[in-house]
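Each value in this text was obtained by applying a stated rule to the coordinates, not by laboratory testing. Everything numeric in this text was worked out from a predicted model, so none of it was measured. Note that each Cβ is placed from the backbone with ideal geometry, even for glycine, and that neighbours are counted across all protein chains shown.
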Amino acid sequence: MTDEMLHQFTTVVYFLGNSLGPDYEITLYDLEADAHSVVAIANGRISGQTIGSPLPDVARALLSQRQYEQGDYVLNFTSHLQTNGKTIRSSAMFIKDRDGKPVGLLGINFDDSRFLSLSNQLLDLIHPRSFIQEQYEPDKTAPAANNTVDAAGGVMPREPIFNDVSSMIQEIFTEAAHSLPIPMDRMNQEERVAFITRLKERGMFRLKGSVQYTAEHLACSQASVYRYLNKIK
């Protein structure tokens with residue numbers, strides 16, 4: 001981000017952090033900085049992030065899935081915090097340059113655990129536990145729908161946004177493999193290069209462990225995968 005953008009959005013971070021209150025964590029990431037690190041944060045106790053912390057996996061997933069091409073922000077997706085095991089509601093806004101390339105990310109994490117605790121205490125006072133489980137707890141088996149786009153150009157995802165790198169790698173590889181016209185073990189070198197190209201276009205090789213995963217599933221060496229990537233360059 002430019003110095004001007006950095007100054008403006010840093011002000012926004014602390015404004016939102018102070019106005020929304022301690023249950024909202026506001027984070028600014030500079031995607032052009034080393035390790036895509038945190039450059040401003042308010043109420044960082046929620047996730048434990050500090051200045052200099054790296055981009056979390058869920059944010060990397062948004063970029064790898066090119067969500068910024070569908071809209072300027074993504075609203076109300078679920079994040080799982082590794083530090084304390086909490087599940088929180090998150091939203092992210094892409095900060096783009098004039099060419100539409102994401103150069104920064106503004107994230108909002110909302111920790112509603114205090115409110116859920118109060119709500120559960122109230123329900124326990126007026127209902128039997130079996131009734132609460134049947135009537136109030138969400139149906140976790142409901143199928144996911146496609147993303148929807150709101151009138152302002154933001155994406156409201158109802159399909160999974162992966163919070164761990166291994167799941168992202170597996171999903172990208174599986175989706176690419178489904179489009180293969182022949183079994184993977186029968187591909188020639190040219191077809192393998194085309195397959196590796198498809199994986200690269202989907203952001204596969206931005207993720208740690210992707211070369212090893214690809215080599216194992218293509219039954220070749222990691223050196224071969226690197227050679228294919230060099231051919232693409």
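Mind checking the full-extension length gain between D112 and T87? Use 0.36 nm per residue of separation minus the Cα-Cα distance, one decimal, nm.
Values: separation 25, 0.36 × 25 = 9.00 nm, distance 0.90 nm.
Here the answer is 8.1 nm.
Would you kindly state how much longer the chain becomes between L180 and R227 on full extension, computed as 0.36 nm times their sequence separation minus their alpha carbon distance, in nm to one decimal?
Details: separation 47, 0.36 × 47 = 16.92 nm, distance 2.08 nm.
Extending this stretch completely gives an extra 14.8 nm.
Name all residues of the stretch 17-48 having a backbone nitrogen under 16 Å from the label point set 7 Å from the Cα of D99 along its Cα→Cβ direction, giving them as ranges.
31-33, by backbone N distance to the label point.
Arrange the peptides 15-24, 57-66, 114-123 so that the one whose residues have, on average, the most other Cβ atoms within 10 Å appears first.
On the way: 15-24: 14.1, 57-66: 20.3, 114-123: 11.0.
So the peptides 15-24, 57-66, 114-123, ranked by packing, come out 57-66, 15-24, 114-123.
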